[in-house]
Amino acid sequence: MQKQLIECVPNFSEGLNLNVIKQITDQIEKVDGVHLLDVDPGKATNRTVVTFVGEPDAVVDAAFVAIKKAAELIDMSKHKGEHPRMGATDVCPMIPVANISMEETAEYAKKLAKRVGEDLEIPIYLYEEAQENKDRSNLSIIRGGEYEGFSKKIEKPEWKPDFGPARFDEKTGVTAIGAREFLIAYNINLNTKSTRIANRIAFDVREAGRVKREGNPISGKIVTDDKGETVRIPGRLKQVKAIGWFIEEYNRAQISMNLTNYKITPLHIAFDETCNSALERGARVTGSELVGLIPLKAMLDAGKYFLDKQGLSSGVSESALIDSAIHSLGLSEITEFDPKKKIIEYQLQSIEDKKLVSMTLEALVDETASDSPAPGGGSIAAAAAAMGVALGTMVANLSASKRGWEDKVEFYSDWAAKGQRVKEELLALVDEDTRAFNGIMATFSMPKETNTEKGLRAQALEDASKYAMEIPYKTMLAAAKSLPVLTEMGAKGNPNSLSDVGVGALCIKTGVHGAYLNVLINASGIKDEAWANQLLAKAKELLDDTLTACDAIIEEVSTKIKAG
């Protein structure tokens, strides 16, 4: 069974005393099975956003000890800060990351809430997906009145905590614990110190918009409906919360946003709409900053969006797309944006075993040449195929930037993007082939004293051998996907790059034939001969078809090169 992972992002009401923050995060790091990914203190907000990830029960344990330490060290009666808050641990959301549903994540949030409420006697409010009462699931509604108003609010029957005592402790305040989708905390910087202008821009873009008034939009009488409810003018962006504030540390105003569903309103759209609103109000956006971590997809989508706007090919590498996003959004204006530290998938990669594809070319060659049997031919076959499709992708990008072909940018960009996807698939198989081999080796260390143990060991070896046969076959399938890219670039790509297409096809030949040899050798260790023979037959057919197609590409480009 694949490992379940939950991300937890507690917000602590302390952003100035780094010693206090360190004592809290030290508690998290002591828990086995969790990894501390990011600690982001804010001076003006006097608040620290902490991000860690791990298996569910370990995350619950880590969150509990962190909340306990925060309650010991933070005195809310002395707290001041720009950000709305209500407790020493203000909020503690859980987010499903891998192999776990939102419903399961919500149950773990409730488990934590019950434990904190009962053991630490802190009033706890469930929110978002962990809260069944939708009248009080919205965090901003729960937090209404903030810390200063909770001494009276908590006494109202409708605001009885979900867990813990219905009494207000001036030192610890109250805490919201919930489950939600990934939230992007995002601040956009302005060239003004005016909080008034910043708030007007925030009202323009946030989903809740602004209160409707008669006559003067600032001081006019508030409009109500037939039921006496305040009428609001909706903002431009769905699933976006925003306020304006002045950050003394930066000597400028910001729009502070929460993108509660970046798939509905992406980061780049929030940025552009804020730019438009700022210009309408005589201000300018100078850059932006992320608080905490961001999903890789949000950065890749932003990079592609801005390259498309510039009329450039977006079929470039992952790192190039990220670079486009960083510069277009101005993410390094205040502090340097380090993708390895700020993108959640990269943080998760850093806690895994070192990958072959992260090595330098020299290191990979040296590792292959060592006396270790892995990486072996299967991994190198996938690497060769990846180089082949990379060359086809390069030709597509060169063609997109060729002078006089400006009307063909979209065509070549689309082909480049297809090539990039195949390249990423093949790179993943470089490491997976080695992992598959290591899986076989691991079965040899299983106990074999009893008949039961021998049976379990034999079955594990059979399963591992089948997987080791399937992986090179997947390499063959992925390599075959590169053929349309190479074929199209050989026919319509920049004629100065024909030799690159030919070399790409030769690499694909090597990759596919090399992978086939690994399918063949792994078949010999499988007891289920019918299963192995069926896969062998499919692999042989794919090999013949792919080699024929590669030869055709090589012949075509050779003929064109000779013809001049």
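Any read-out appearing in this document is the output of simple, stated calculations on the displayed coordinates, not a laboratory observation. Keep in mind it's a predicted model, so treat the numbers as computed, not measured. Virtual Cβ from ideal backbone geometry, glycine too; neighbours counted across all protein chains shown.
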Compute the semi-axes of the equivalent ellipsoid of the range 352-493, taking the square root of 5 times each eigenvalue of the Cα gyration tensor, and list them largest first in whole Å. 40, 16, 10
Using r as the Cβ-Cβ distance of GLU103 and ILE561, and R0 as 56 Å, what FRET efficiency do you calculate, to the nearest 0.05? 0.40
Links that overshoot a 28 Å alpha carbon limit, given the list LYS43/LYS171; LYS43/LYS134; LYS241/LYS341; LYS309/LYS474: LYS43/LYS134; LYS309/LYS474
With the calculation restricted to Cα positions, what are the radius of gyration and Dmax of the chain in angstrom? 28.4, 88
Which residue, SER524, GLN459, HIS513, has the largest displacement toward the positive end of the dipole of the range 353-563 when charges sit on each Cβ (Lys, Arg +1; Asp, Glu -1)? HIS513
Given H placed on each backbone N at 1.01 Å, which residues far from THR192 in sequence or on other chains put an amide H within less than 5 Å of it? ALA253
Kirkwood hydrodynamic radius (C-alpha pairs) into Stokes-Einstein, the range 481-564, 37 °C and 0.692 mPa s, D in µm²/s: 233
Given the candidates LEU427, GLY282, ILE222, the one whose Cα lies deepest towards the positive end of the charge dipole of the chain, counting +1 at each Lys or Arg C-beta and -1 at each Asp or Glu C-beta, is ILE222
Amide H proximity to ASP38 below 5 Å, modelled H, separation 5+ or other chain, gives THR51
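Can you put HIS327, HIS513, HIS268 in order, fewest other beta carbons within 10 Å first?
HIS327, HIS513, HIS268
When only DSSP loop residues count, what GluC sites (Glu not before Pro) in the range 288-360 have their Cβ near at most 12 other Cβ atoms within 10 Å?
Here the sparse-neighbourhood loop sites are GLU336, GLU352.
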I need the fraction of alpha carbon pairs in the range 113-199 separated by more than 20 Å, rounded to a whole percent. 43
Hey, how many Å between the Cα centroid of the range 15-37 and the Cα centroid of the range 261-332? 31
Share of Cα-Cα pairs in the range 310-366 lying beyond 17 Å, as whole percent: 55
Please compute, over every Cα-Cα pair in the range 140-258, the percentage with a separation greater than 22 angstrom. 54
With Rg and the Kirkwood Rh both taken from Cα atoms, where does Rg over Rh land for the range 248-403? 1.07
Using the crude model of +1 on Lys and Arg Cβ and -1 on Asp and Glu Cβ, and no other charge, please compute the dipole size for the range 5-179 relative to its Cα centre, in debye to 20. 660
Using helices alone, I'd like the mean residue ellipticity at 222 nm for the chain: each DSSP H run of four-plus residues gives -39500 (n - 2.57), total over residue count, nearest 500. -17000 deg cm²/dmol
Which order do ILE294, ILE21, ILE561 fall in if you start with the one that has the fewest other Cβ atoms within 10 Å? ILE561, ILE21, ILE294
Computed magnitude of the charge dipole of the range 353-563 (debye, nearest 20; Cβ of K, R +1, Cβ of D, E -1): 260
For the range 468-518 and the range 95-167, write down the distance between their C-alpha centroids in whole Å. 54
Quarter of Cα convex hull surface for the range 5-179, i.e. mean projection, nm²: 8.6
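With 10 angstrom as the radius, rank ASP169, ASP26 by how many other C-beta atoms surround their C-beta, starting from the fewest.
The fewest-first ordering by Cβ neighbours comes to ASP26, ASP169.
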The chain - percent relative contact order, Cα under 8 Å, separation 6 or more: 10
Roughly how many debye, to the nearest 20, is the charge dipole of the chain about its Cα centre, given +1 on each Lys and Arg Cβ, -1 on each Asp and Glu Cβ, and no other charges? 1780
